[in-house]
Structures are given as structure tokens and as C-alpha cells.
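Below you'll find the structure, written out as C-alpha cells, and then a few comments.
The values are calculated or read from the model by the stated rules, or taken from the named source; none is laboratory data. The model shown is predicted, which means the values in this text are computed figures rather than measured ones. When we count neighbours, we look across all protein chains shown, and the Cβ atoms used for this are built from the backbone with ideal geometry, even at glycine. Each accessible area value is taken on the protein alone, full model and side chains, heavy atoms only, with ligands, DNA and RNA left out. Shrake-Rupley method; radii C 1.70, N 1.55, O 1.52, S 1.80 Å.
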Amino acid sequence: FDESAENLSGETIDFQWGHHLAIGGPFIDGGTEIVVKNGEKIRIPNYPSPTYRFMADSDSEWPLAQDRNGEIVDVTVLPESDSTDGHLILGPMEEASVALRNNDLKSEIRVTWDKKAVPYCWIWMVLGGIPDWPLWGRERLITIEPFSSPVISLTDAIIEGKTLRLNSQEKLTTWVRFELAGN
């Protein structure tokens with residue numbers, strides 16, 4: 001995807017930019033590997049959910065994160081549906097790439113992007129969690145979300161200097177690549 005944003009106004013504008021690539025079905029069965037460069041920074045946001053898999057407001061490095069009980073877990077392999085949900089916010093990333101490798105299907109999905117414009121990636125896993133609307137505890141999906149900032153509001157991103165900014169009449173061009181390889 002080649003994309004651009006252009007500021008047609010007479011003022012400088014701060015903004016956030018991201019993608020929400022959702023993947024489900026047999027491709028994310030238990031045992032599917034999440035491939036990320038070792039050592040990438042992980043931030044777990046504070047998302048209230050009775051089925052949240054991770055320790056809110058914790059920091060670590062790929063491939064390890066704290067689960068909700070404070071145990072250190074390896075997040076490289078998707079478990080079977082365990083009635084949880086959770087987010088891994090990566091970034092700012094050294095290598096703007098996340099892959100999902102399903103060895104049973106002999107296939108891999110790789111998402112790469114322009115890390116200058118989009119230095120973060122939000123990974124949201126729903127493994128049968130979120131018992132209420134709209135998922136009702138029945139969904140199994142993962143999202144790969146290249147994003148311009150961590151999970152914070154636009155106001156906080158402006159305060160923290162984590163927005164994209166376009167001056168009047170300025171244009172930003174960027175890209176995201178989605179590749180499927182295998183049988």
C-alpha cells in the first residue's frame with residue numbers, strides 16, 4: 001500500500017496514522033509463530049478487560065512479556081484459544097517487520113512498513129477472550145497494526161512529541177507491505 005497524507009490547511013497539523021490488519025481463521029491456529037527481531041521494546045498498555053492476558057503498564061523486550069499473574073512468558077508462539085485477549089505495543093522499532101509463520105500450513109504472512117513515518121506496531125491478540133459485545137468470547141484473531149505512536153491519545157501524543165506533523169501544504173508519503181509466502 002503506497003499512501004500519502006497532505007495538509008491542505010493554512011496551519012501546521014499534528015496527527016496519528018495507523019493500520020489495522022486483522023488476521024484470523026486457520027492461519028492463526030495454536031502453534032503459529034510471531035516473528036519479530038529479538039530485543040524490540042514491548043509496552044503493555046492498560047486496557048481494562050476481565051480476560052486480559054498481560055500485566056498492564058509493564059515493559060519488556062521481545063520475546064518476553066509479563067502475564068497478568070506477573071509470570072514471564074515467551075510470546076513468540078500463539079497458544080490454543082485460552083479465553084484471553086491482550087496487546088503488545090512494539091516500538092519505537094529497530095526493524096519495521098512482523099511475520100506470522102504457520103508451520104502446519106507451510107505459510108508466512110509478513111508485514112513490513114516505513115519505520116520513519118510509522119515506528120510502532122500494535123499487536124492485538126484475541127484468543128477467545130472479551131466475553132462481551134462485540135466479540136462475545138467467540139473470536140480468535142490477531143491484528144498487526146503499524147502505527148505512528150504508542151497507544152496514547154492524540155493530546156498525549158502531541159504533549160510527548162510522538163505525532164506526525166505536517167506544515168501547511170506539506171505532504172507525507174509512506175508505505176506498508178503485506179506479503180503471503182508458502183504453499
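Taking the Cα centre of each part, how many Å lie between the range 67-84 and the range 128-183?
So the separation of the two Cα centres works out to 22 Å.
How much accessible area per residue does the chain have, in Å², with a 1.4 Å probe? If you can, show how the numbers build up before the last one.
Values: 9610 Å² over 183 residues.
On a per-residue basis, 53 Å².
Rounded, prolate or oblate, given the Cα gyration tensor of the range 97-177, with a/c below 1.5 counting as rounded? It would help to have the intermediate numbers written out before the result.
Working: a/c = 3.18, a/b = 1.49, b/c = 2.13.
Judged from the Cα gyration tensor, the range 97-177 comes out oblate (a/c at least 1.5, b/c at or above a/b).
Which whole-Hz ³J(HN,Hα) couplings does the range 168-180 yield from phi under the Karplus relation 6.51 cos²θ - 1.76 cosθ + 1.60, θ = phi - 60°, glycine and proline marked x?
For the range 168-180, the Karplus-derived couplings read 3, 6, 8, 10, 10, 10, 8, 8, 9, 10, 10, 10, 10 Hz, x marking Gly and Pro.
So for each of 117-123, 7-13 I average, over its residues, the number of other beta carbons within 10 Å; can you give me the resulting order with the highest mean first?
Values: 117-123: 21.9, 7-13: 11.3.
Packing proxy ranking, top to bottom: 117-123, 7-13.
Residue-wise, which Karplus ³J(HN,Hα) couplings in Hz belong to the range 15-21, taking 6.51 cos²θ - 1.76 cosθ + 1.60, θ = phi - 60°, and x for glycine or proline?
Ordered by residue, 3J(HN,Hα) equals 7, 10, 9, x, 10, 10, 8 Hz.
Just from its helices, what would the mean residue ellipticity at 222 nm be for the chain, if runs of 4 or more DSSP H residues each count -39500 (n - 2.57) and the sum is divided by every residue, rounded to the nearest 500 deg cm²/dmol?
Only helices count here, giving -500 deg cm²/dmol.
For the range 96-136, what mean projected area does the convex hull of the alpha carbons give, in nm²? The partial results should precede the final answer.
Numbers: hull surface 17.3 nm².
With every direction weighted equally, the projected area is 4.3 nm².
What are the lysines whose alpha-carbon lies under 28 Å from the alpha-carbon of Lys37, with same-chain residues fewer than 8 places away excluded?
Correct list for Lys37: Lys106, Lys115, Lys116, Lys162.
Ranked highest first by average number of other Cβ atoms within 10 Å, how do 89-99, 27-37 line up? Walk me through the numbers on the way to the answer.
Values: 89-99: 19.5, 27-37: 16.8.
So the peptides 89-99, 27-37, ranked by packing, come out 89-99, 27-37.
How large a share of the accessible area of the range 79-183, in percent, is made up of carbon and sulfur atoms when the probe is 1.4 Å and the other protein chains stay in place? Write down the numbers at each step before the final one.
Details: 2710 of 5320 Å².
Of the solvent-accessible surface of the range 79-183, carbon and sulfur hold 51 percent.
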